[in-house]
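S.K.: I'd like to ask some things about the structure below.
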Amino acid sequence: MATLDLSYPAILKLFGNYVAEGLTESQALLKWFLENFYRLDVIDVEDSICDQPGDKGIDGIYINELFQQINVFQTWLRCASTDKDLGDRDLKEFLGTLTQLQTADGVRKLSAATKSVNLRKLLERLEVDKKVGEGYGQRYLCNKSVGQSGCARFDGALAKFGCFRQGRIGSAIPTD
């Protein structure tokens, strides 16, 4: 399996026509990831993405019924070598988002508080509040590296939730 170049702008070549379809680059990253790593069809991918302003950091949700797993995606696209690595602040915000999804009551509060119509509809349609008690996994997607402060402080939490990031997804995604 070949290693993918996830640096910017090389990563844009992976997205094909997604950006031309009117998606932002971060939406295109998530769409590409769901199609190529999760092997979802186009309809499931489109039904899973809710990335828009006010989404409380949740850019997509996919439920794997077979494994009784809720996968929550937050995508950051590192656009330049001068972009900072993920640090404490980014990871605190991300983990804060994940903690809102640990209880049915937390999911209902999140749905009521979000300004994102797409997120609210997705949470309700997927019945996330009812499924959190069934056991779930959460995934994080980013082409940024996690900085030393982020690794030291959050590696345990990220391991619990699963973290797809540069250096890990590049060798894990099939290229065929």
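The values are calculated or read from the model by the stated rules, or taken from the named source; none is laboratory data. It should be emphasised that the depicted structure is a prediction, and the values quoted were computed from it without experimental measurement. Cβ sites come from the backbone with ideal geometry, for glycine too, and all protein chains shown count toward neighbours.
S.K.: Please state which one of A10, A112 is aliphatic (A, V, I, L, M) and at pLDDT 85 or above.
M.R.: A112
S.K.: Now for a different question. If the requirement is being more than 15 Å from the chain's Cα centre (by Cα) and either of a type outside the set (F, W, Y) or within 15 Å of Q52 (Cα to Cα) (or both), which of these qualifies: L40, L23?
M.R.: The unique qualifying residue is L23.
S.K.: G106 - would you say it is at pLDDT 90 or above, in contact with a helix residue (DSSP H, G or I) (Cβ under 6 Å, 6 or more places away or on another chain) and farther than 16 Å from D51 by Cβ?
M.R.: When the stated conditions are applied, G106 passes them.
S.K.: If I go through region 1-33 residue by residue, how many of them are surrounded by 18 or more Cβ atoms within 10 Å (Cβ to Cβ) and out of contact with any helix residue (DSSP H, G or I) (no Cβ under 6 Å at 6 or more places or on another chain)?
M.R.: Counting residues in region 1-33 that are surrounded by 18 or more Cβ atoms within 10 Å (Cβ to Cβ) and out of contact with any helix residue (DSSP H, G or I) (no Cβ under 6 Å at 6 or more places or on another chain) gives 7.
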